[in-house]
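*Asks:* The structure under discussion is supplied below as structure tokens; questions concerning it will follow.
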Amino acid sequence: SDHMENICGYLMKYTNLVTGWQYRYFVLNNDAGLLEYFVNEQSRHLKPRGTLQLAGAVISPSDEDSHTFTVNAASGEQYKLRATDAKERQHWVSRLQICTQHHTEAIGKNNPPLKSRSFSLASQGSANSPGVQRRPSQNAVSFFNVGHHRLPTGKRVPIMQPDHLVDVREMMSQAEGQQRDLIRSIECLPASGHLTSLDQDLLMLKATSMATMNCLNDCFHILQLQHASQQKGSLPAGTTISWLEPKISLANHFKNGAAQNFPAEINKPASVREEQSIAEPCQLTREPEEINPDEELEDICDDKEDDLGAVEEQRSVILHLLSQLKLGMDLTRVVLPTFILEKRSLLEMYADFMSHPDLFVAITNGSSPEERMIRFVEYYLTSFHEGRKGAIAKKPYNPIIGETFHCSWRLPKSSVATDAGTNSSAHSPSEQLTPPKDAEGQAEPDCYTVKFVAEQVSHHPPVSGFYAECVERNMCVNAHVWTKSKFLGMSIGVTMVGEGVLHLLEHGEEYTFSLPCAYARSILTVPWVELGGKVNINCAKTGYSASINFHTKPFYGGKLHRVTGEVKQNMTNTVVCRVQGEWNSVLEFTYSNGETKYVDLTKLSVTRKRVRPLEKQGPFESRRLWQHVTESLRDGDIDKATEHKRALEERQRNEERLRAETETPWCTKYFLKDGDGWVYHKPLWKTVSAAQTQQTDSN
């Protein structure tokens, strides 16, 4: 009776980011198995501000300090609480755990085993809701019949025998059948009326039941592996215990729980038939094409992306998709809903990272290795705001294999930052080299030209190569990126695997760099994007390096989109510059001499890229390839955009199947395989080297 006493008192409760911690009066009701709280002791006779069922709950002391603990209810609700000291925390935790254990065991005794229960929706009667037959006293744990069985004290868990696994498999099969009955019962509900197949609670039930069955199947697979290891003494060589492949095909889009039925071939728009009938890319010319900068015009396309927002009519699509995903699943082969797409290809997104070409060209004007590294870091950090379009939670088109994107920028030489110490090096011998004629642009003499080309060089895995150069300044950058997407529950993570190298030929320096991860957060409410992870920039010749951290927002407190970094000289381990701020707002650079510089990215001028008109683009250039999808998205016609997108994806699958059957390797157009990476076929460092050799021979 001493252990089951009702206790009450003040605790601090974490409310939200705005109000933070608040003192609340808590009451532990052992008889009812409830934890209730009130604004203060005087309001105890009123209705509680909040109540948690303790049956099936988990009480966890926090590692962050000796005062904090959490109460995680079976319903998913959580209280984060803080006592005045460690002794008081222990008092509350122990009493809560005793109460939780008592009521959890009571549920296990009062409910029959899983085998004899029926979970089909039909068995709940003909009421308007699956839960209408629940008894008022029945909580979430008893409703879903979570049985808890305690082993006698001191007894060891017996090794699971093969017949036990057979019993588990039989129970799993029964549960899978009942889960399928549940799904069918929900989908057979009318499309309109009081309770429909699109009811948000029912859609969530479909999603969670599917995720639960997938998780149980994975656990059963692990049990089988463990049993095999007990039989043989160890796991077979090469065996790994990991998430299994999805058991349900995700090749198609789904809307409102059913596959979309598109019109027959004869009713398809001409543009869709054209997308499906474009010849096999390898049968087209795969010879590199020299783009004439004079054909490129300043881009007038201004596709501003709106936030997705919490769009109710689209939640059903997301919920149905989530019901077929599980934690850690690779999303490379998963076709995502069309309404989350940006109106640009991933290849064009990489080009938009170059939207500040003045900062890019200014890197080589640095008077010292230290200043050049700092300038590169400044350019690097300012590129993500425009490249990612801020924190808009939309996804660019997945490029199809062989897709390319070309553009360029022209900027007045007067707009590029110089340095007092660069006068002597501004006309270095390497810069006065006459570039090859085929590399010369016809830009105005008072302008620099930065050219860009990107190509999707692989489909599985999805790898993109991109290259940019400024011939007048003898600098170029080459990179390859493999995008790996994973499902993380209520968010999606994208890892950018690969490496880029900036070549400053005037100084003989190479700067290697990587890219941060990206995360789409809160995908069921108002989605938003953040960057995360640590990236490094290194220059082996000069010994300077930079370490940059993109900080993801902590669960409690903290700022969004925070970034910190430092530039140092490796030989002396001296930090020469520190940077902090937000990658989509304001950055603060602090130099070793004490000076501070602020860069407001929202006010930074953006140079518009120059792109050839659609009629002059090849059939596999991004904007022409995706033009019908883009037009449909601009018009707000999601169904039509999905139809065009599906046609492109189906054509790509057919081409891939044909290449596999004929054992025909894919031929890239602009990039060549180099070890684990990809390199542009005619990089500036090769043409300049050839020009140097030619001048030496002529002398």
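The values are calculated or read from the model by the stated rules, or taken from the named source; none is laboratory data. Keep in mind it's a predicted model, so treat the numbers as computed, not measured. Quick reminder, even Gly has a Cβ in these numbers, built from the backbone with ideal geometry, and neighbours come from all protein chains shown. Quick note on the areas: whole protein, heavy atoms, side chains included, nothing else; ligands and nucleic acids left out. Shrake-Rupley method; radii C 1.70, N 1.55, O 1.52, S 1.80 Å.
*Asks:* Could the peptides 456-468, 595-607, 93-105, 342-354 be put in order, highest first, of the mean number of other beta-carbon atoms found within 10 Å of their residues?
*Replies:* Numbers: 456-468: 20.8, 595-607: 12.0, 93-105: 18.2, 342-354: 23.0.
Listed from highest to lowest mean packing, they are 342-354, 456-468, 93-105, 595-607.
*Asks:* Now, a different point. If you find the alpha carbon centre of segment 47-111 and of segment 474-529, how far apart are they in angstrom?
*Replies:* 42
*Asks:* According to a simple spin-label model (label point 7 Å from Cα along Cα-to-Cβ), what is the distance in nm between LYS603 and LEU195?
*Replies:* 5.9
*Asks:* For segment 543-684, build the convex hull from the C-alpha positions and give me its volume per residue in Å³.
*Replies:* About 281 Å³ per residue, rounded to a whole number.
*Asks:* Let me ask you something else. Work out how much length ALA106 to ALA540 would gain on full extension: take 0.36 nm times their residue separation and subtract the Cα-Cα distance, in nm to one decimal.
*Replies:* Result for the pair: 149.6 nm of gain on full extension.
*Asks:* Kindly report the accessible area of segment 445-597 per residue (heavy atoms of protein chains, probe 1.4 Å, no ligands, DNA or RNA), in Å².
*Replies:* That works out to 40 Å² for each residue.
*Asks:* Using r as the Cβ-Cβ distance of VAL586 and ASP639, and R0 as 56 Å, what FRET efficiency do you calculate, to the nearest 0.05?
*Replies:* E(calc), rounded to 0.05, equals 0.85.
*Asks:* Please give the length that would be gained between CYS8 and GLU176 if that part of the chain were fully extended, namely 0.36 nm times their separation in residues minus their C-alpha to C-alpha distance (nm, one decimal).
*Replies:* 56.0 nm
*Asks:* Here's another thing I want to ask about it. Please report the carbon-and-sulfur percent of the accessible area for segment 8-109; probe 1.4 Å, protein heavy atoms only, DNA, RNA and ligands left out.
*Replies:* About 48 percent, which is the carbon plus sulfur part of the accessible surface.
*Asks:* Here is a follow-up. Could you tell me which residue out of HIS67, TYR14, TYR37 lies farthest along the dipole of segment 8-109 toward its positive end? Charges go on the beta carbon: Lys and Arg +1, Asp and Glu -1, centred on the Cα centre.
*Replies:* TYR37
*Asks:* Could I ask something else about it? Pairs LYS534/LYS669; LYS343/LYS616; LYS395/LYS597; LYS395/LYS669; LYS343/LYS603: which exceed 29 Å Cα-Cα? Numbers along the way, then the final one.
*Replies:* Values: LYS534/LYS669 33 Å; LYS343/LYS616 20 Å; LYS395/LYS597 33 Å; LYS395/LYS669 26 Å; LYS343/LYS603 24 Å.
Beyond 29 Å between Cα atoms: LYS534/LYS669; LYS395/LYS597.
*Asks:* Which of the GluC sites (Glu not before Pro) found in segment 632-684 are loop residues per DSSP with 10 or fewer other Cβ atoms within 10 Å of their Cβ?
*Replies:* Working: sites: GLU643, GLU649, GLU650, GLU655, GLU656, GLU661, GLU663; in loops: GLU663.
Within segment 632-684, the qualifying GluC sites (Glu not before Pro) (loop, at most 10 other Cβ atoms within 10 Å) are GLU663.
*Asks:* Would you mind getting the accessible area per residue of segment 8-109, heavy atoms of the protein chains only, 1.4 Å probe, in Å²?
*Replies:* 51
*Asks:* Determine, for segment 8-109, the count of lysine pairs separated by eight or more sequence positions (or lying on different chains) whose alpha-carbon distance falls under 25 Å.
*Replies:* 4
*Asks:* In addition: Jot down the radius of gyration and Dmax of segment 8-109, Cα atoms only, both in angstrom.
*Replies:* Values for segment 8-109 (Cα only, Rg and Dmax): 13.2, 43 Å.
*Asks:* Give the relative contact order (percent, whole number) for segment 8-109; include only Cα pairs under 8 Å separated by 6+ residues. Intermediate values should be presented prior to the final figure.
*Replies:* Values: 183 pairs, mean separation 23.0, N = 102.
The value is 23 percent.
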